[in-house]
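Presented below is the structure to which this report refers.
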Ligand SMILES: [Zn+2]
């Protein structure tokens, strides 16, 4: 199969004004202005003259199940700790069906916003949810989206000084055994991997020190990545100082996590010296601007982190603190929030796109996605500027962010179209939304 994505209106990539050639799952040629494939035999043409062409956007942090608790009344207008404490008892009622529907809904929403690789952090395995990650793998495969599914965990209940209720935590042994099972069963390696697994103890206030250490060891033994929430709020810093007599980053280092196999969600409250240490170690940071604004958590120091050597990616975070899963809108949020901390000349629209593409790919330890270059996976997002919000726009790439693009017209993952004319191919979206919203009401009641 060969497709020439021809003459895009604009493109985020070098020397491809004439378009790109997709062969099977990869980009095999790029064309400068006026250039064409030499031999058109067997090449299908996709006229992109009305489309802005981006590398598929990459989401590096989410909690799919939280699409069931968006704008949830008990959690409204609260900072992180009270917000979590009002949601934990609701989340304790999750069923397998809820995991399936919330994962499908979140993945469809992401695809429609131009996302081609989605990471999720699932850390709730009470009672019937032993196979939560297996269910997510199934959802990602059926949707044809690339996925980094992290096996999350909580092992420090309220009765041991942690934040979550005891009914939501598991033993270290059960967590490690299941982690190993999932890696052996699902983790793909090398270029073009569609499903990957990483280990993701939830946060310093919900996981035992032993589990942090054991997870780092298991990740090293099995050569997979590590992910967790860190330095999200001042409450978390106070917790670490009280519980471990360490600041969050010192704690991370003490449990063997300070290395380039790790990417962190949020990474807001680091001082200059900590940023230097993170950069030197190559720790990735997933910036979650909407969530950080909703929970009044603070502003991630993205540009200093990048300057120090840390990959900086982007994440919508869970839908209880965003409360949408729209990745192109999140790129706009990163741009706008960044402008509150940095000069407009520093926090450019190109920089915001870089977070969601190349930076996110680095966070996930991948060099086969996130760029429109020969040899990379054909993961592409194409946007049209045909809504009133774009009318009169000058620079098409900047317009996507400044005018507020929210829906991709076409999306390709590994050379296969997954979104066409603004709809996920093969998915009855209305039926999925009806089932999803019905079961969300059941969970909250
Ligand atoms: Zn999160």
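Laboratory data are not the source of any read-out in this text; all were calculated from the coordinates shown. It should be emphasised that the depicted structure is a prediction, and the values quoted were computed from it without experimental measurement. Please note: Cβ atoms are built from the backbone with ideal geometry, for glycine as well, and neighbour counts cover all protein chains shown.
Considering only the stretch 242-253, state which residues are in contact with a helix residue (DSSP H, G or I) (Cβ under 9 Å, 6 or more places away or on another chain) and not in a loop (DSSP other than H, G, I, E, B).
243, 244, 248, 249, 250, 251, 252, 253
Out of curiosity, is residue 179 within 16 Å of the ligand (Cβ to nearest atom), within 21 Å of the chain's Cα centre (by Cα) and crowded, with 21+ Cβ neighbours inside 10 Å?
no
Working only within the stretch 221-240, note down all residues that are away from the ligand (no atom under 12 Å from the Cβ) and assigned to a strand (DSSP E or B).
Correct list: 226 only.
If I go through the stretch 238-252 residue by residue, how many of them are under 21 Å from residue 121 (Cβ atoms) and more than 24 Å from the chain's Cα centre (by Cα)?
Residues flagged as under 21 Å from residue 121 (Cβ atoms) and more than 24 Å from the chain's Cα centre (by Cα) within the stretch 238-252 amount to 3.
Of all residues in the stretch 53-102, how many are within 16 Å of the ligand (Cβ to nearest atom), in a loop (DSSP other than H, G, I, E, B) and under 20 Å from the mean Cα position of the chain (by Cα)?
5
Yes or no: residue 440 part of a helix (DSSP H, G or I) and surrounded by 15 or more Cβ atoms within 10 Å (Cβ to Cβ)?
Yes, satisfied.
Which condition does residue 310 not pass, out of (1) over 14 Å from the mean Cα position of the chain (by Cα); (2) within 19 Å of residue 119 (Cα to Cα); (3) surrounded by fewer than 24 Cβ atoms within 10 Å (Cβ to Cβ), if it passes all the others?
Only one criterion in (1) over 14 Å from the mean Cα position of the chain (by Cα); (2) within 19 Å of residue 119 (Cα to Cα); (3) surrounded by fewer than 24 Cβ atoms within 10 Å (Cβ to Cβ) is unmet by residue 310, namely (3).
Before we move on, is residue 359 within 16 Å of the ligand (Cβ to nearest atom) and either touching a strand residue (DSSP E or B) at 6+ places or on another chain (Cβ under 7 Å) or farther than 30 Å from residue 91 by Cβ (or both)?
Against the criterion (within 16 Å of the ligand (Cβ to nearest atom) and either touching a strand residue (DSSP E or B) at 6+ places or on another chain (Cβ under 7 Å) or farther than 30 Å from residue 91 by Cβ (or both)), residue 359 does not qualify.
Considering only residues that are part of a loop (DSSP other than H, G, I, E, B) and within 19 Å of the chain's Cα centre (by Cα), which ones fall in the stretch 192-220?
Of everything in the stretch 192-220, those that are part of a loop (DSSP other than H, G, I, E, B) and within 19 Å of the chain's Cα centre (by Cα) turn out to be 192, 193, 194, 202, 203.
Matching residues to (1) in contact (Cβ under 8 Å) with a residue 40 or more places away in the chain; (2) surrounded by fewer than 17 Cβ atoms within 10 Å (Cβ to Cβ):
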site: 29; (1), (2): yes, no
site: 33; (1), (2): no, yes
site: 44; (1), (2): yes, yes
site: 51; (1), (2): yes, no
site: 58; (1), (2): yes, no
site: 62; (1), (2): yes, no
site: 66; (1), (2): yes, no
site: 71; (1), (2): yes, yes
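If I go through the stretch 138-163 residue by residue, how many of them are part of a loop (DSSP other than H, G, I, E, B) and closer than 24 Å to residue 60 by Cα?
The total comes to 4.
With (1) crowded, with 17+ Cβ neighbours inside 10 Å; (2) without any contact (Cβ under 8 Å) to a residue 60 or more places away in the chain as the list, and residue 445 as the residue in question, which single condition is left unmet?
(1)
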